[in-house]
Each structure stands twice: as C-alpha cells, then as structure tokens.
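The values are calculated or read from the model by the stated rules, or taken from the named source; none is laboratory data. None of the values given here were measured: they were computed from a predicted structure. So basically every Cβ, Gly included, is an ideal-geometry build from the backbone, and we count neighbours across all protein chains shown.
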Amino acid sequence: MHFDRRTLLQRLGRLVISPGLEPAQQAARIHSIERDIVLPIKVLVILTLFYYFFFSNWIDQPNTPREVAFETMRRWFLIYVGANLAVGAAIVAVRQFPLNLLQWTIYTVGLLDGLLFAALTFVTDGFDSIVFWMFPALILRNAISVPHAMPQIVLNLAVCCCYVFAGLLDVAINQDEAPFLDTATRMALNIGTPENPTEPFLLRVVILLLWTFCCYGVQALLERHRRAVEEAVEFATRQEQLQTAGRLAAEIAHRIKNPLGIISNCAYSLERSLQERKNSAGEQIQIIREEVDKADRILTELMGYAQLAEGRVEKLDVLQELDYAIAEVFPKGASFDIMVVRDYAPALPYLMMQRRHLSEIFVNILQNAREALNGSGLIKISAQHGTNYSIVVTIEDNGPGIPADKIERIFEAYFSTKEKGTGLGLSIVRHNMEIYGGAVHVESALGHGAKFILRFPVKTVMKFTK
C-alpha cells in the first residue's frame, strides 16, 4: 500500500509539475524574451509614463488621496526606471549571467511591475481602470520567463493581489470621500447609488485567476509536448546506436575468433609433439596459447555488445527500477537484518535505456552492499536531480569499506576483494554506465562503509568502450 500510494503521488506530480527547461535553454529563453520583446515594450511604457508624470496635468484634484499617491509615484517612478535600466543593461551586455541570479532578477522585476500597475490602477479609477488589461500581459510574460511551477504561480498570484488591493483601496477612498461630495459628483463616481462599485471586481479577478492557471497549464502542455518530441528522437537515436554497435561487434568477433581457434589448436598439437623433447619451443608455444586465450576472452566480452541489438530501449522510471532491484536483492522471504532507507526526489525525468542494463547496474551494487554487510547493517539509497539535466543515484552502506589501495581497481574485470567473487559485477556496472554516457564513482574508507555515486545523463550521445 505504501508503494502504491508513493507511486500514485509520483504520477500525479508528473502530471501537475511542468518538466521545465534545461539551464542553458532557460537562460536563452529569458534573454530572448526580456531583451527582444519585454525591453522595447518597457521603454515605450516608461517614456509614456514619464511624460504623464512630469509634463502633463494628469491628476488635477489637489489635496486628495489620489494626488498624494500620484506625487509619491512620481518619486518612486525614478527608482523603478533606474532599476529597469540596470536590469536591461545587464541582460543586453552580459551573456554569461548566472542562472540563479538571472531568475531572481526577473522574479523581482515582475513583482515591481505588478506594484507599478497596481499604483496606476489606484490613481486611474480603480476597478474601472483601463490599466487592468496590463495585468494579463504581465501574467503572460511571467509565465514565459519563470517556467518553474511554484515560483511562477506565486508571482502571478501576487500580481493578482496587487490589482485587488489597488481596487479595494480605491473603493475605500471613494466611500470615505462620499459625505463631503455633492450629489452630482457622487453620482458621477457611482458612490451611494444602488449599484455595487465592486461588480467589475469579481469578474476581473476571476479573469486574472483563470488566466494565471491557464498560462501555466498551456506552458506545461507545450513543455511536455517538446519533451515528448525530444524523448522520441533520443529513443530512436539510442536504439539505432545500440543496434549498430551490436552488429559491428558480432561481425568483428565472428571474423577473428575462427582464426584464433585454428591457431590455438595448432599450438596445442605442436606442444604435444614436443613434449618428449625438452626444447624452448614449448615455452614459446605456451606463451602463444596464453595470448590467444587473452584475445579470446577480450572477444568474448566484445561479443557481449552483440546482445545490445537483442534488447529494446525503453523509457524507464529510475525510482521504479530502484524499487524492483531492491525487491530482487532483498526478497520478502529472506531473513536479512538490513535496513534500506530511500530518499527519492519527486518528478525525476525518465531514462532512455535498456531495462536489463539499468537493472544490472542497481542489482550488482546492491548485492555488493548486502554481501559487505554480512547480513546486518544499513543501506541508504538516494535519487536526486543532478546538474546539467542529469539524475544522480547514490547507494551507500555502513559496512567495512574498501581499502584505499584497492579502490582504483574494483571496476577492473576479474578483480575482486571477496574470496569467492568473480570480479565481474562492478565491471559490468561501469560498462553499462559508460555506453550511455554516464559515470560511476566510489567513495570509501576502511571502517566507514562505501558510497557508490551514479550519474545518468538524461540526454547523451552514447559512448562505446573498448
């Protein structure tokens, strides 16, 4: 039940949470939108407001709250202009802007824009102000420039709250001024009449809220479509590369193994014919046989690539595959006194791999950890988002650890720190990681356990090791 509930939550998270962009793509989008579209529009808006603030009689009601607000806005407007000039200059001039700083800068500027339009809403008829139509445009801009779900929704809800506050403040001011106004002015301002002055408020707030979530929903759908197209291309590319490598390896192995077999048989026959005569030729023949055996072993490993063509690349859920591997290494009927602690991040991207390869990676490392613990101990498994759009899986145990002089050799074929070990488990792990462009690293010290760090690139050009 716990597994089903967690799986359900993961699937719901994938439906709700936008996949998001890679850091380089996100920075390029922000630069493009802010520099090529938002910046020219802002220049036009700032010039227009500058004229109305300093060269026109926009507000001609002295000693009123709107006049006071207008005078305050004129002073703060210069600060707003300075901040936008600094941000605009940075976006235009600096190409390698740190992404985190760029995101917070755009987030802050979006909030400042909301406050500016809220102040304009207050001094220009509140809920009836034409400035209202600037808020949907601002929400759309925020949805494009801030692709992550929570920051985007919080920012756009804050913008909506700015509009609501400005409108309610206008209504409150009108109500306070009503006793001091004549009948004609009160009717012109719609104060004290049967109509409700907040009628436009409900409709416009609903429009802003719906627009906020529609913008996020459309953006999430577009991102999912883009991701699906990229995954389809990645899927086809990896499958084709695996099949090509398999066919090439099978052809090479087939062409070379036959001559090696003939050489080995001839060397064996020659050695038998010379057994009765003590001659150095026997030693040379023995060397030939050893070298032939080594070459044969290398080709046998190379033929393993031929099996790549037999499998099929799939879109794999890392968390699900980890749970399958744990269930295989620690079956329910076994009496292992080992605690397995999971730490899984939500909404991890899928991996394009053959299921057998990923299973071999996890199962081999977990089996090593189980054998190192000798039936009792703790294993921590973590799966998190990595840098450069990757997934980092960490498997750590509190066993006896690995000697420092053997850490560099544990991934070599046929090398083992266990008495009855084959020395192939970790070699297979490294092999399977490298053909997908991944990497495996181990951290260990005697008496302090071992930690295996696996980095899976979600997008990669596959590499084929010798």
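Annotations for the structure displayed:
- Qualifying strands (runs of 3 or more DSSP E) (wholly inside segment 349-414; at least 1 residues being at pLDDT 90 or above and over 20 Å from residue 438 (Cβ atoms)): 376-386, 390-397
- Residues in segment 29-52 that are surrounded by 15 or more Cβ atoms within 10 Å (Cβ to Cβ) and either at pLDDT below 80 or among the acidic types (Asp, Glu) (or both): 30, 31, 34.
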